[in-house]
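Undergrad: Before we start, here is the structure in question, set down as structure tokens.
The values are calculated or read from the model by the stated rules, or taken from the named source; none is laboratory data. Keep in mind the model is a prediction, meaning the values are calculated, not measured. As a convention, Cβ positions derive from the backbone with ideal geometry for all residues, glycine included, and neighbour counts pool all protein chains shown.
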């Protein structure tokens, strides 16, 4: 420990910032630095999708067929099957359940909420849904701003 020049008290010695741990692997990158489409999962860990119950396995297959991929939010929740079921049930009730709101109106609300929450992941996902449902390529952007 080094002594302070002004007070004469011992102060903790400063050390260089620690390097980030290599435990979390980065997603493979293209030559331009973009994440490769075949591996968009940044964490170096994988959930055991085979351990899911048949209902969730079917739900994941439907997502892959409909979207062409399995959203990372579902993969992240797959580590805790009860949490995954709660997420899926809540999402399905809010976005697909009986409501006077159309699916487009619900997605528009999701874009606004995602914007306020500054959640880029949700903003991109719900913005894409707004574009697809409305046929308007800028509506989601207009709502977000």
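Undergrad: If you check residue 64 against the conditions, is it loosely packed, with under 11 Cβ neighbours inside 10 Å and at pLDDT below 95?
TA: No, not satisfied.
Undergrad: Another question about this same structure. Determine which single condition residue 130 fails, assuming it passes every other condition in (1) modelled with pLDDT under 90; (2) surrounded by 14 or more Cβ atoms within 10 Å (Cβ to Cβ).
TA: In the conditions (1) modelled with pLDDT under 90; (2) surrounded by 14 or more Cβ atoms within 10 Å (Cβ to Cβ), residue 130 misses (1) alone.
Undergrad: Kindly indicate whether any position in the stretch 112-122 is under 17 Å from the mean Cα position of the chain (by Cα), part of a helix (DSSP H, G or I) and within 25 Å of residue 51 (Cβ to Cβ).
TA: yes
Undergrad: Can you tell me which of 83, 75 is part of a helix (DSSP H, G or I), within 19 Å of residue 51 (Cα to Cα) and at pLDDT below 90?
TA: Only one candidate qualifies: 75.
Undergrad: Given the criterion modelled with pLDDT of 90 or more, more than 17 Å from the chain's Cα centre (by Cα) and surrounded by 10 or more Cβ atoms within 10 Å (Cβ to Cβ), identify the matching residue among 91, 59.
TA: 59
Undergrad: Somewhere in the stretch 34-49, is a residue assigned to a helix (DSSP H, G or I), at pLDDT 90 or above and surrounded by 11 or more Cβ atoms within 10 Å (Cβ to Cβ)?
TA: No, every residue in the stretch 34-49 fails to be assigned to a helix (DSSP H, G or I), at pLDDT 90 or above and surrounded by 11 or more Cβ atoms within 10 Å (Cβ to Cβ).
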